[in-house]
Amino acid sequence: MKRSALLGMSGAILAVATLFSAPAAASAATARPSGEQAVAVTKLTHAQATSRLSAAGISWTSSGGCSDRNNPTCTSFEQVNLATIQGAETLRSASGCALTITGGTETGHASGTYSHWNGYKLDFSPTSCVTNYVQNTFTYIGTRPGDGAPQYRSGSGNIYARESNHWDVLYYNCGGC
């Protein structure tokens, strides 16, 4: 084999070894609570996410009129998971509802592995179309500990929690994209 081919193969082996080593796996992959195998996540920039959302006909709003991830009055998509944006796209196409995102990866939300900050959650305006779709399509699984928000699980396992003024959606995956 040529030296360049060998280097390419060793680079690929190194990438795989790095992905599955304990320290790298902790930062690059996350296991789902169900105990499924860890999966690497793809992160998007704010610009990449808004481009996809616009193309899907999904709007967003910010009480502060900004997108700074470190400002809790902004709505940011910086470091959102690709699967989270794909999940919103799936919700839009499956429901036929107009969607408005009111919360993304900005600071100010609850912390945790599957959090807004870590790119797993979006907040949506609770229109009657979205509410009817979620409640009539997904499975009610009881209230969320802590705040008592009614929760619904989609067929793909994503969780929709009806908080006081929005739908808080946890995307483990793209929802069947």
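Within the option set Tyr172, Tyr114, being surrounded by fewer than 21 Cβ atoms within 10 Å (Cβ to Cβ) and either free of Cβ contacts under 8 Å to residues at least 40 places away in the same chain or of a type in the set (Phe, Trp, Tyr) (or both) holds for one residue only, Tyr114.
Of all residues in segment 117-129, those satisfying the criterion of being open to solvent by 40 Å² or more (accessible area, probe 1.4 Å) and either more than 18 Å from Asn70 (Cβ to Cβ) or in a helix (DSSP H, G or I) (or both) are Pro126, Thr127, Ser128, Cys129. Here is a check on your reading of the model: is Ala56 surrounded by 12 or more Cβ atoms within 10 Å (Cβ to Cβ) and at pLDDT 95 or above? Yes: the conditions hold for Ala56.
Results for (1) open to solvent by less than 20 Å² (accessible area, probe 1.4 Å); (2) assigned to a loop (DSSP other than H, G, I, E, B); (3) polar (S, T, N, Q), shown as yes or no for each residue.
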| position | (1), (2), (3) |
| --- | --- |
| Glu78 | no, yes, no |
| Ala83 | no, no, no |
| Thr131 | no, no, yes |
| Val134 | yes, no, no |
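Among the residues making up segment 140-161, a single one is open to solvent by 40 Å² or more (accessible area, probe 1.4 Å) and either of a type in the set (A, V, I, L, M, F, W, C) or touching a His at 6+ places or on another chain (Cβ under 8 Å) (or both): Ile141.
Whether any residue in segment 92-103 is open to solvent by less than 50 Å² (accessible area, probe 1.4 Å) and within 14 Å of the chain's Cα centre (by Cα) is what I want to check. Yes - at least one qualifying residue is present in segment 92-103. Filter segment 101-121 down to the residues that are in contact with a helix residue (DSSP H, G or I) (Cβ under 9 Å, 6 or more places away or on another chain) and not charged (D, E, K, R) and list them by number. Ile101, Gly104, Thr105, Gly119, Tyr120 - these are the residues of segment 101-121 that are in contact with a helix residue (DSSP H, G or I) (Cβ under 9 Å, 6 or more places away or on another chain) and not charged (D, E, K, R). Only a single item in (1) assigned to a loop (DSSP other than H, G, I, E, B); (2) within 24 Å of Gln79 (Cβ to Cβ) is not met by Asn165, and it is number (2).
The values are calculated or read from the model by the stated rules, or taken from the named source; none is laboratory data. The shown structure was predicted, so the numbers you read here are calculated from the model rather than taken from an experiment. A quick note on method: Cβ atoms are made from the backbone with ideal geometry, for glycine too, and the neighbour counts reach across all protein chains shown. Just so you know, the surface numbers come from the protein's heavy atoms only, side chains and all, with ligands and any DNA or RNA stripped out. Shrake-Rupley method; radii C 1.70, N 1.55, O 1.52, S 1.80 Å.
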